[in-house]
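Here's the structure we're looking at; comments come further down.
Please treat every number below as a calculation from the coordinates, not as lab data. Everything numeric in this text was worked out from a predicted model, so none of it was measured. Heads up, the Cβs are rebuilt from the backbone with ideal geometry, glycines too, and the neighbour counts pull from every protein chain shown.
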Amino acid sequence: MLRSNSPAKGVALIAVLTVLLVVAILGSIMAMLMSSQGTLTHHQVQRVRASYAAQAGINLAYSKLCQGLWAYNTNYAINCTSAACTGAVTNPANRFSDPGIPFEVIIRVGPVVVGGPRPGTASIDASVNYTNP
């Protein structure tokens, strides 16, 4: 007959506690990995959305230049609210709002190239602040 304070019960208790500890550690590691993966996914989605916003700005600039509505060698902005944006686009008439674009987009239209391999062309550059949606 086993006594109530036998060594077998102590060993079983230690084994159960060890298994619970290992399960708890593995669970916390999984939770940390899932949380960091969610953050990385969010940042990746923001970068892709910012890329599409920049492309939309370039397409808008191209369209406006073809229609003769925008000037060359000028900066334009979409959803301009930050100090960096208002500093880059000082003319309020060159700032536009578009609810379909969730970021600040600064569009720089370069001067018309006179000589060189492609005369009559201009560069269009778009930068996006995607940390401030």
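Do we have A8 as assigned to a helix (DSSP H, G or I) and either surrounded by 10 or more Cβ atoms within 10 Å (Cβ to Cβ) or in contact (Cβ under 8 Å) with a residue 60 or more places away in the chain (or both) here? When the stated conditions are applied, A8 does not pass them.
Just the residues that are without any contact (Cβ under 8 Å) to a residue 24 or more places away in the chain and within 20 Å of S51 (Cα to Cα), please, taken from the range 84-97.
Scanning the range 84-97 gives A88, R95, F96, S97.
Among the residues making up the range 105-121, those that are within 26 Å of S51 (Cα to Cα) and either touching a His at 6+ places or on another chain (Cβ under 6 Å) or not polar (S, T, N, Q) (or both) are V105, I106, I107, R108, V109, G110, P111, V112. The residues of the range 101-130 that are more than 17 Å from Y62 (Cα to Cα), free of Cβ contacts under 8 Å to residues at least 24 places away in the same chain and of a type outside the set (A, V, I, L, M, F, W, C), listed by number, are G115, G116, P117.
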